[in-house]
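The structure appears right after this line, and notes come after that.
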Amino acid sequence: MSDLSVQPVSDAPALSQMERVTDVFVAPSKTFTDIKNGHTSWWMPFVIMAVIGYIFFAAVYTKVGMQQVVDNQIRLGSQAQQERMANMSPEQKAMSNKISLYITEGAFAAGPVFTILTGLLISVVLWGTINMGFGGRAKFGSVLSMWMYAYLPMMVKVLLGVAVIHAGSTPESFNIRNFSPTNAGAFLDPASTNKALYALASSIDIVSIWSMILLGMGLAIVAGVKRSSGYIAVFAWWTLIVIAGAGWAAVMG
């Protein structure tokens, strides 16, 4: 039996966005086939991601504190960053801290904007990869919509992070870069563990892999290519990013 993911355009009525959201967790091929059939609206998953993002923001703001987030990142930062901070005058440290605080709060507040920008960037890369590298026929709008739905499992990770914060974890132990116990890195001490090893351990994340599998499936379906081609396209890029991240961590120490 061929594993081609070519799906003929169906005369069946379009799924509602809520049906697509539900199906991406229980029957993802239905969601992606519906997108391939031209039903590419994605405001529902975007709203869900924005709302959950602000729930996370509220938990961090009230239970951890933005200043504590900044302090933790400085403490857990690279050796080069810590040395740079150590060589600053008190005035420079105060200014650097204020800027870091504004950036951190701004990043949380602008979460929906970053979601759209991230989706656009990743969709451009996957759209070009599957069409030029694997002979796909995906439309950019379909790839963007597919990404919005395939990314929804990452909200499970965010909600787990909210639960961990409310469960009573100490603010001093909070790591904004790895806040949920869904990967091996979450159980390592980021201050004492080799930076490259910690980056690798944090990248092998159960929820992220779940989302990557959905991306590979969805990309194959909307492009009309073999399922294996979608997985290769997605996981090849993911592997490159993981290796680059570990290499950067090793260099920065």
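Conditions tested, residue by residue: (1) surrounded by fewer than 21 Cβ atoms within 10 Å (Cβ to Cβ); (2) of a type in the set (Gly, Ala, Ser); (3) closer than 27 Å to MET66 by Cα.
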site: VAL156; (1), (2), (3): yes, no, yes
site: ASN175; (1), (2), (3): yes, no, yes
site: PHE179; (1), (2), (3): no, no, yes
site: THR182; (1), (2), (3): no, no, yes
site: SER192; (1), (2), (3): yes, yes, yes
site: TYR198; (1), (2), (3): no, no, yes
site: ALA223; (1), (2), (3): no, yes, no
site: ILE232; (1), (2), (3): yes, no, no
site: TRP237; (1), (2), (3): yes, no, no
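Report, by residue number, each residue of the stretch 165-202 that is in a loop (DSSP other than H, G, I, E, B), of a type outside the set (Val, Ile, Thr) and closer than 22 Å to VAL242 by Cβ.
ASN175, ARG177, ASN178, PHE179, SER180, PRO181, LEU188, ASP189, PRO190, ALA191, SER192, ASN194
Taking the stretch 161-172, which residues are in contact (Cβ under 8 Å) with a residue 24 or more places away in the chain and out of contact with any Phe, Trp or Tyr (no Cβ under 8 Å at 6 or more places or on another chain)?
HIS166, PRO171, GLU172 - these are the residues of the stretch 161-172 that are in contact (Cβ under 8 Å) with a residue 24 or more places away in the chain and out of contact with any Phe, Trp or Tyr (no Cβ under 8 Å at 6 or more places or on another chain).
Applying the selection to the stretch 76-88, what residues are surrounded by 13 or more Cβ atoms within 10 Å (Cβ to Cβ) and within 16 Å of LYS195 (Cα to Cα)?
Selection gives LEU76, GLY77, SER78, GLN81, GLN82.
State whether one or more residues within the stretch 107-125 are surrounded by 15 or more Cβ atoms within 10 Å (Cβ to Cβ), assigned to a helix (DSSP H, G or I), without any contact (Cβ under 8 Å) to a residue 12 or more places away in the chain and out of contact with any strand residue (DSSP E or B) (no Cβ under 7 Å at 6 or more places or on another chain).
No, the stretch 107-125 contains no residue that is surrounded by 15 or more Cβ atoms within 10 Å (Cβ to Cβ), assigned to a helix (DSSP H, G or I), without any contact (Cβ under 8 Å) to a residue 12 or more places away in the chain and out of contact with any strand residue (DSSP E or B) (no Cβ under 7 Å at 6 or more places or on another chain).
If we scan the stretch 239-247, do we find a residue that is touching a Lys or Arg at 6+ places or on another chain (Cβ under 9 Å) and either surrounded by 16 or more Cβ atoms within 10 Å (Cβ to Cβ) or outside any helix (DSSP H, G or I) (or both)?
Yes, because at least one residue in the stretch 239-247 is touching a Lys or Arg at 6+ places or on another chain (Cβ under 9 Å) and either surrounded by 16 or more Cβ atoms within 10 Å (Cβ to Cβ) or outside any helix (DSSP H, G or I) (or both).
A short reminder: the numbers here are calculations on the coordinates, not readings from a lab. Note that the structure is a prediction, hence the values are computed from the model and not measured. Here the Cβ is made from the backbone with ideal geometry for all residues, glycine too, and neighbour counts use every protein chain on show.
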